[in-house]
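Shown next, in structure tokens, is the structure this report addresses.
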Amino acid sequence: MKNIAIAIDGPAGAGKSTVAKSIAERLGYLYIDTGAMYRGVTFLVIEKDLSFDQKKEIIKLSETIEFEFSKDGTEIYLNRRNCTKEIRDPRINEKVSIVAKIPEVRNNLVKAQQKLAADRDVVMDGRDIGTHVLPDADLKIFLTASVDERAMRRFKELKEKKSKDQVTLNEVRNNIIERDRLDSTRVAAPLVKAKDAYEINTTNLTSENVADKIINLLNNLNCGNQNQ
Ligand code: DC
């Protein structure tokens, strides 16, 4: 039987990871958080004391990292080391767009993502999943939400995690605006909605509402295929 792939794209804080996790759990699919992979490269760049100008070294590094996720997709392993907490540090938020705009890094990570999605049912979230990583995904979703709502969600998330570097709501909001700008204006695989993606504005919806909508879309698709 053919494997199913659900691609979920959208800007930071649109609710992608919560929704993707919930769908993966309900359907028994693997959740793959591609943002965590770009964060992982950024974390290792900092840990190895590389400068963000050392493009060649960063590209080389991205090629050699072995990425793995726990079964439920919530833990990430870089070269077999659990780095789930480390990649959420606010320093990573500031630098990750620099790493994510290097085309060769993207190529390396896209290959790793396609390999992770081969031979199993997946829900993958990111910025370029429907457009580049899984262009033939069975279902493509593009999530959006207002900047204020997205900033509030990220702020609450950071507070809950009791991150040691406390940031203000305004700093989170500015970081989101800047990342939106960098993610959507970069030359390599910018954040754009795939032509065949369903757009869902999540501003006034709970993550469970959104997950229900996506599962309904998938079920409708399956009915359509059976009727053909
Ligand atoms: O979803 P996130 O905030 O964890 O993503 C971290 C960064 O990685 C974000 O600034 C955009 C980038 N990213 C990307 O360029 N392509 C992806 N498929 C996923 C994330």
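Bear in mind that the values in this text are calculations on the coordinates, not laboratory data. Predicted model, so just to flag it, every value in this text is computed and none were measured. Here the Cβ is made from the backbone with ideal geometry for all residues, glycine too, and neighbour counts use every protein chain on show.
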Among the residues of segment 76-95, is there at least one that is under 18 Å from Lys16 (Cα atoms) and of a type in the set (Asp, Glu)?
-> no
Given (1) assigned to a helix (DSSP H, G or I); (2) within 27 Å of Gln166 (Cα to Cα); (3) charged (D, E, K, R); (4) away from the ligand (no atom under 16 Å from the Cβ), index of the condition Lys95 fails | (4)
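Would you be able to tell me the number of residues in segment 46-64 that are touching a residue at least 40 places away in the same chain (Cβ under 8 Å), in a helix (DSSP H, G or I) and closer than 22 Å to Val110 by Cβ? Before you say what the answer is, go through the steps one by one.
Step one: of segment 46-64, the residues touching a residue at least 40 places away in the same chain (Cβ under 8 Å) are 46, 52, 55, 58-59, 62-63.
Narrowing the set further to residues that are in a helix (DSSP H, G or I) leaves 46, 55, 58-59, 62-63.
Subsequent filtering for residues that are closer than 22 Å to Val110 by Cβ retains 55, 58-59, 62-63.
Summing the residues that are touching a residue at least 40 places away in the same chain (Cβ under 8 Å), in a helix (DSSP H, G or I) and closer than 22 Å to Val110 by Cβ in segment 46-64 gives 5.
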Asp119 passes all but one of the listed conditions (1) farther than 20 Å from Gly15 by Cα; (2) away from the ligand (no atom under 13 Å from the Cβ); (3) in contact with a Phe, Trp or Tyr (Cβ under 9 Å, 6 or more places away or on another chain); the exception is number (3)
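Being part of a helix (DSSP H, G or I), closer than 28 Å to Val105 by Cβ and in contact with a Gly (Cβ under 8 Å, 6 or more places away or on another chain) is the filter here, so list the residues in segment 164-210 that pass it. Reasoning before the result, please.
First, the residues of segment 164-210 that are part of a helix (DSSP H, G or I): 169-185, 207-210.
Restricting the remaining residues to those that are closer than 28 Å to Val105 by Cβ gives 171-185.
Scanning segment 164-210 gives a single hit, Ile176.
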Residues of segment 148-163 being assigned to a helix (DSSP H, G or I), of a type outside the set (Phe, Trp, Tyr) and touching a residue at least 12 places away in the same chain (Cβ under 8 Å), which ones?
-> Asp148, Glu149, Arg150, Ala151, Met152, Arg153, Arg154, Leu158
Which of (1) within 25 Å of Lys195 (Cα to Cα); (2) in contact with an Asp or Glu (Cβ under 7 Å, 6 or more places away or on another chain); (3) surrounded by 16 or more Cβ atoms within 10 Å (Cβ to Cβ) does Ala100 not meet, given it meets every other one?
-> (2)
